[in-house]
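Okay, structure first, notes after.
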Amino acid sequence: MAAPLVLLFVVSVSVRAALFRSSLAAWISDRVEVVSPLNSWKRVVEGLALLDLGISPYSGDVFHETPLILYLFHFLIDYAEITFMITDGITALALYLAMKDYNKQVFRKQKYALEAERYPPDALELIRTPSEMFYIPLKVAMFYLLNPFTILSCVAKSTCALNNTVIALFILSTIKGSALLSSIFLALATYQSIYPLTLFAPALLYLLQRLYIPVNLRRPSFWLFTLQFGSMFLGSLFILVCLSFFLLGSWDFLPSVYGFILSVPDLTPNIGLFWYFFAEMFEHFRLFFLCVFQINVFFYTIPLSIKLKEHPVFLIFIQMAVVSIFKSYPTVGDLSLYLAFLPAWSHLSRFLRNIFLVSCVLLACAVLFPVLWHLWIYAGSANSNFYYAITLLFSVAQILLVSDYFYAFLRREHHLCNGLHRKTKDGSEATLVLK
């Protein structure tokens, strides 16, 4: 597997290097689908210029990145292109290693279930085989590195790529069973954009299942381990916030970063659901609907955690998709991370219902985004309704994609427990209805 992985890295670096040197780089870095007011490279450069002049980068309304990112690029500004290519490589490698370890967990779980004869005889064809799963880690890395959305984010030098790297390292640490590293990387991701806080529940569930306790020791209670993991997470987050304060000497970054994410004052068009709605909103209704929109990101965490408590890795995938759809300033870089996990669920293909339609819609939307933007902004033959319509269609396609995989996953689990071919009382084949 080493040779294909090295070849994949060489190809991905070559594509990115060629685009960095092309005339398309400047155009890509200005696309509202690729960058947002939170992660635009031009705003990072502006923040660095203000810092060098001794002015607080957060004194105006330009820079909204975290202080640690600012000081990171203070030293790496001359190596930005290499830095973003390396971060993409680290993300792909972390996902590759995470999937390798996850495969081992799946095989171990299947082995115990088969030994206990938990699966009906006619459901054995749903069992995942080593040959089927051998290339999944490589496919996951390939889906990330060669995804056009990932490449566009890298060429635009969107700091979303750094957030993806932190989340990928969090996933790797969690699957490896390291509670300390998992809490640290989760704190880093939450410090960066708040929304990864929803990944706390699946990480906790996975670590509780993965925790190895010798038989002669007493198993710690759920609440005790939750308290320990929560304390490590909150402690790491507190240290990051305090470090930011000591670097800047003020708390100006709190309203400029987290207040900006939550209050959504910049209504620059993007691929999200916020900008058009709040541009048309009456001001006295704004706070109410702002709370409704923001709560929507976190609302699904508890019911999904209850339903998927035995499958925390799939829950991580669902949660990342929900965040990328409903966050206030999404970009295509957010999609690239959860789309990379699709090869891990290739065994669900027989139960998917709308995958071809959804794939075509996503592809059509990706093409129509720059077209409708040109018609609206430059040609003047369209208006914001055209662009928001394609934005809504893009979000609906993502929702259908995630819902389809959720349905397929639940249906496969049902067949594994109850058999693939259920019969009614009169001997005819039963129709499965999931409610």
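Quick notes
- Scanning region 80-138 for residues that are under 24 Å from ASN164 (Cα atoms) and of a type in the set (Gly, Ala, Ser) yields ALA80, GLY89, ALA92, ALA94, ALA98.
- Just one of the listed residues (ALA187, ALA123, ALA201) is buried (at least 24 other Cβ atoms within 10 Å of the Cβ) and either among the charged types (D, E, K, R) or part of a helix (DSSP H, G or I) (or both), and it is ALA187.
- Conditions (1) exposed (fewer than 14 other Cβ atoms within 10 Å of the Cβ); (2) among the β-branched types (Val, Ile, Thr); (3) within 23 Å of the chain's Cα centre (by Cα); number of the one not met by ILE239: (3)
- Selection from region 180-193 of residues that are in contact (Cβ under 8 Å) with a residue 24 or more places away in the chain and out of contact with any Lys or Arg (no Cβ under 9 Å at 6 or more places or on another chain): LEU180, SER183, ILE184, LEU186, ALA187, LEU188, ALA189, THR190, TYR191, GLN192
- When the test is whether a residue is without any contact (Cβ under 8 Å) to a residue 24 or more places away in the chain and aliphatic (A, V, I, L, M), ILE316 does not pass it.
- Residue among SER263, SER256 that alone is modelled with pLDDT under 95, surrounded by 17 or more Cβ atoms within 10 Å (Cβ to Cβ) and over 25 Å from PRO148 (Cβ atoms): SER256
- Of the set (1) in contact with a helix residue (DSSP H, G or I) (Cβ under 6 Å, 6 or more places away or on another chain); (2) among the β-branched types (Val, Ile, Thr); (3) over 18 Å from ASP252 (Cα atoms), all apply to VAL62 but (3).
- Qualifying residues in region 253-310 (those that are more than 26 Å from THR66 (Cα to Cα) and assigned to a loop (DSSP other than H, G, I, E, B)) - the one nearest to the chain's Cα centre (by Cα): TYR300
The values are calculated or read from the model by the stated rules, or taken from the named source; none is laboratory data. This structure is a prediction, so every number in the text was calculated from the model and none was measured. Cβ coordinates were reconstructed from backbone atoms using ideal geometry, including for glycine residues, and neighbour counts include every protein chain displayed.
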